[in-house]
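The values are calculated or read from the model by the stated rules, or taken from the named source; none is laboratory data. Everything numeric in this text was worked out from a predicted model, so none of it was measured. FYI the Cβ positions are ideal-geometry reconstructions off the backbone, even for glycines, and counts take in every protein chain you see. Calculation scope for accessible area: heavy atoms of the full protein, side chains included, ligands and nucleic acids excluded. Shrake-Rupley method; radii C 1.70, N 1.55, O 1.52, S 1.80 Å.
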Amino acid sequence: MSSLIGENDRKIVPRWRGFRASVGKTENTDPPNENPVSASLQSNIGDWQREGSLWTALDLVAGAIVENRLDLAGEALQHIRENPLTPPAALAIVVEYDRNSAIDENSDLPVELRCREQIRSSRIKLADYPYDAIEWIDLARSFTTLGSLGKAQRCVAAALSLAPSDVFVLRAASRFYIQQKDPERAQWILTKAPRTLNNPWLLASEIAAASVVGRESQLLKIAGRIERSDFSQEDLTELRAALATSEIEAGSNNKGKKLLRRALSGANENSLAQIQWMDRTRLGNVIDISNTKPPHGHEVSAWRAFFNGKWAKSAASALLWFEDQPFSANAGIFCSFVLADLAGLPEQALDILKIALRANVDNHTLKNNLAFSYIQLERLDEAQDVLASIPTSLDNLDDATVEATFGLLAFRKGSLEDGRAYYENAIRRFQQAGSHELAGRAATYLALEEVRARTQNAPSAMKRALDLTKDNKRSDVAMKLEELQTKVKDWLIEEHVIT
Amino acid sequence: MSTSAERLVGLTLDGGWSVIELLPKSSIQTGGAFSCSYHIEHPDGRKAFLKAMDFDAALSDPDPAGKLKELTEAYVFERTIVELCGTRKLSRVIRAHGSGTKTPLGGTVVQYLIFELGEGDVRKQLSQMTEFNLLWRLKCLHHLFVAIQQLHGSQIVHQDVKPSNVVGCGDEGHKVADLGRAWHALTSSPFDGNQCAGDTNYAPPELLYSGAILTEEERRQGADFFALGSMVVFMFTGLRMTAALMSAMPASLRWRATAETYANVLPELQHAFGTVLYQLRAAIPNDALWVEVKMIVEQMCNPDIVKRGDKGHTAKIGSRFGLQRFISKLNTLCTKAELGKLGTV
């Protein structure tokens, strides 16, 4: 049985993107054409109009770049683009300006190639200039994605020593330590940075890190004050979502609801995902988020499509979510679950899992989903190896999920008795842990296998599956039950019981 | 209607100079709206450049009295500085031939300064070249660095080093012009209180972004240092360092788009600086040249003012803004280029 994490818990930990992608998403609040024109730029324009030479064109374009008024240098720009004598470096600088002026940057490269390219380019840059904390963080991100966690850690340490107060560096470092299962350190680097006390982005990260540690942040009061200060809505959205999570976890649903509603204005994709999750799991769908559509809301879209039973859409959004956060276990788990189990694309799930497991090498749920995908592809020996590599000293629910997958493997190998025993054990453990939803799903999977194998236990397994899932309205469970009914119908047609 | 300063053509000035031609306003003149430039000629055949202060234009300023005071002070300051440079025989600074006043018919008194006439600024000279001449560029930089060193040695900080103020003077090589925005330790200027006295489009980031806490030396010599390094970047890329830095900054953190302080954007500026060095590296395929150019640019243009300068120099004279080591480097590079040891760029 494949599993889905993120259903029961979500913290608003910072997203970790490349630097350009992180800051590029902020719209320029001061439109370039409203900037006043300096006397210097005016004289550059005059020189260009009078002389029309390459070097006056370069001077004008440079002045226009500094003043964010490239709109005034259109002809000069064209001239330097077309003149064969233009120094290539000048063209590279203009291209860089355009890239940094774009709201977003797209890359068609697959995750692994993109990371390798980033590593190559970062290494060249850092060899010449090692004092660039942001480049160290970008390098750390690529190393993390590719599973070179020791190298990533050294990069993060270098960045923190160079820029211990930078928002981008601190949030990325905090995210890295959470990824490394060291949330105490993630919180500590934020708590000790003086800038955290008056920066909503850092406060939001600190509260999230504290909640991952499992304790209440000491900065909640300060955060409450900042939340009501005159920062922009966009700057406050993650802080409000973090505070709301904290309030709701402490039982103050009303306060939390108000904060979530405030977080909705200016929401980014991370805060919106948090709002959606809190609303669905804790408040009972009372907040309308349908009108909020921040860029790159892949996680939100993936979950929304999931609950609406639109598997192809959910899979497409999940893939984008994973490409955005390829080191994230949650993104990898969700994406592989939807691809392998619901969208019927286990091969694509394998590709995702191979990357996700690099940064999360010991993640049992990812391994479980890998084994599940192998089973779907009839690669049973590989599935066996993966399942055997998962230690059994897990908490009940994870262990039970793995046990169910062992059951699936046994069924596919033809060991029906073993398979049944694994499933029965898993169902019992889910029930003992009070997770009736997972018990129902395991029972459904067992029934599917019984029907698939045409055993005499099929009718009773099916009846139990229906019993255990009767209160479950989730679309994925409904889909599995539908699949069960279809298989039963096929069987009955095959047996000429019905026509 | 033309102002008095615009009506000097045909007149004869003190010393016999004849005013030949009014030049179009250009970036040669800082604050060009309040001055006019002419070509002038002496009966002995010498040609020169005349800068006439346009006090009439100041009257159309919203604050005419304030503008007149500023212009007068600026004129007096520049005259004092160019005379000082003449007295100290600073060979790499454009020479002043004199100053005076002239009243055109029906006009008001125009104060002027007469300078030696160059062949044009480096942009004009580069425009006339069809091939990359490394030796020419290195020599130009060497002369410029020597010029600024001469000024610093006279307690003058130029504060407005840019391509349009670097003038070719034939066999004499290159000289630096326009001391109108300079700072002198012993003479007050109307621009002394400005955060950025020179052209902001060439200014270092600590003078663009708010909140930088700077010593007087960092604000003055530090800016000259940055501008010199920027000229090195200009020679290889065609663009100034300030533009290269801003192009590598995310749009939301560029100088004109953010209220963030210098300290807060410094890591992003360092990232931009790393990108610029990467672009510059691509422009300089010769490794030996790159090592030296990188050292110069890294120490002269570092966006972090604390890291800017020559640390070795600090030990010798207590200031990290000494130029001697860079001048020696450029001199060596010129020799190597002459011997063909730096290849072609």
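Can you tell which of A:Val169, A:Thr469, A:Leu146 lies farthest toward the positive end of the dipole of chain A, using +1 and -1 charges on the Cβ of basic and acidic side chains (Lys, Arg; Asp, Glu)? Selected residue: A:Thr469.
Take every pair of alpha-carbon atoms less than 8 Å apart whose residues are at least six positions apart; their mean separation over the length of chain A yields a relative contact order of 12 percent.
Placing a label point 7 Å from the Cα of B:Ile213 along the Cα-to-Cβ line, the residues of the range B:260-294 whose backbone N sits under 12 Å from it are B:263. Distance between the C-alpha centres of the range A:275-301 and the range B:34-107: 68 Å, rounded to the whole angstrom. Remark: spin-label model distance A:Gln49-A:Leu377 equals 6.5 nm, labels positioned 7 Å along the Cα→Cβ axis.
Contact order for chain B, expressed relative to its length and based on alpha carbon pairs under 8 Å spaced 6+ residues apart, stands at 13 percent. Extending 7 Å from Cα along the Cβ direction at A:Ala478 and again at A:Leu197 yields two label points whose distance is 5.3 nm.
The length gained by stretching the chain between B:Leu68 and B:Asp287 to full extension, at 0.36 nm per residue less their Cα-Cα distance, is 73.5 nm. Computed on the Cα atoms alone, the convex hull of the protein assembly as shown gives a volume of 198 cubic angstrom per residue. Relative contact order of the range B:12-116: 23 percent, from C-alpha pairs under 8 Å at least 6 residues apart in sequence. Note on the protein assembly as shown: dipole from Cβ charges, positive end direction compared against A:Trp188, A:Leu259, B:Val93; the farthest Cα belongs to A:Trp188. When all alpha carbon pairs of chain B are counted in 10 Å bins from zero, the resulting P(r) reads 5, 24, 32, 24, 12, 3, 0 %.
Round to the nearest 0.05 the FRET efficiency obtained for A:Ser252 and A:Ser161 when R0 = 25 Å and r is the Cβ-Cβ distance. That pair, A:Ser252 with A:Ser161, gives E of 0.05. Write down the Kirkwood hydrodynamic radius of chain A, to one decimal in angstroms, obtained as one divided by the mean of 1/r over all alpha carbon pairs. One over the average 1/r among Cα pairs gives 25.4 Å for chain A. Looking at chain A, identify the longest residue range that excludes and avoids all GluC sites (Glu not before Pro) in DSSP loops having at most 14 other Cβ atoms within 10 Å. It works out to A:217-377.
On the protein assembly as shown, 52 percent of the accessible area sits on carbon and sulfur atoms, based on a 1.4 Å probe.
Global dimensions of the range A:320-494 from alpha-carbon coordinates: Rg and Dmax equal 15.7, 47 Å.
Counting heavy atoms of the protein chains only and a 1.4 Å probe, report the per residue accessible area for the range B:12-116 as a whole number of Å².
46
Charges were assigned to the Cβ only: +1 to each Lys and Arg, -1 to each Asp and Glu. The resulting dipole of chain B about its Cα centre is roughly 840 debye. Remark: spin-label model distance A:Thr281-A:Ile124 equals 4.4 nm, labels positioned 7 Å along the Cα→Cβ axis.
If R₀ is 51 angstrom, what is the calculated FRET efficiency for the pair A:Lys151 and A:Glu494, using the beta carbon separation as r and rounding to 0.05?
0.35
Taking all protein chains together and rolling a 1.4 Å probe, A:Arg116 ends up with roughly 120 Å² accessible.
Separation of the alpha carbons by more than 28 angstrom is noted, of A:Lys151/B:Lys329; A:Lys11/A:Lys413; B:Lys139/B:Lys311; B:Lys102/B:Lys139; A:Lys151/B:Lys311; A:Lys11/A:Lys354, for A:Lys151/B:Lys329; A:Lys11/A:Lys413; B:Lys102/B:Lys139; A:Lys151/B:Lys311. Along the axis of the charge dipole computed for chain A (Cβ charges of +1 for Lys and Arg, -1 for Asp and Glu, origin at the Cα centre), the listed residues A:His364, A:Val61, A:Ser38 are led at the positive end by A:His364. What is the dipole size for the range B:81-126, taken about its Cα centre, with +1 at each Lys and Arg Cβ and -1 at each Asp and Glu Cβ, in debye to the nearest 20? Dipole size: approximately 120 debye. Taken one residue at a time, the phi angles of the range A:139-147 give Karplus couplings (6.51, -1.76, 1.60, θ = phi - 60°) of 5, 4, 4, 5, 4, 4, 4, 8, x Hz. Gly and Pro are set to x. Using Cβ point charges alone (K and R +1, D and E -1), the dipole size of the protein assembly as shown about the Cα centre works out to roughly 1160 debye. Take the residue pairs A:Lys313/A:Lys470; A:Lys313/A:Lys367; A:Lys221/B:Lys307; B:Lys124/B:Lys341 and return only those whose Cα atoms are more than 32 Å apart. Over 32 Å Cα-Cα: A:Lys221/B:Lys307.
Residues within the reach of a label modelled at A:Leu85 (point 7 angstrom out along Cα to beta-carbon, backbone nitrogen below 20 Å), restricted to the range B:220-258, are B:232-240.
Between the range B:262-281 and the range B:110-147, the C-alpha centres lie 29 angstrom from each other. 3J(HN,Hα) along the range A:79-87: 4, 6, 6, 9, 6, x, 8, 4, x Hz, from the Karplus curve 6.51 cos²θ - 1.76 cosθ + 1.60 with θ = phi - 60°, whole Hz, x for Gly and Pro.
Less than 5 angstrom separates the built amide H of B:His174 from those of B:Cys169, all sequence-distant by 5 or more or on a different chain.
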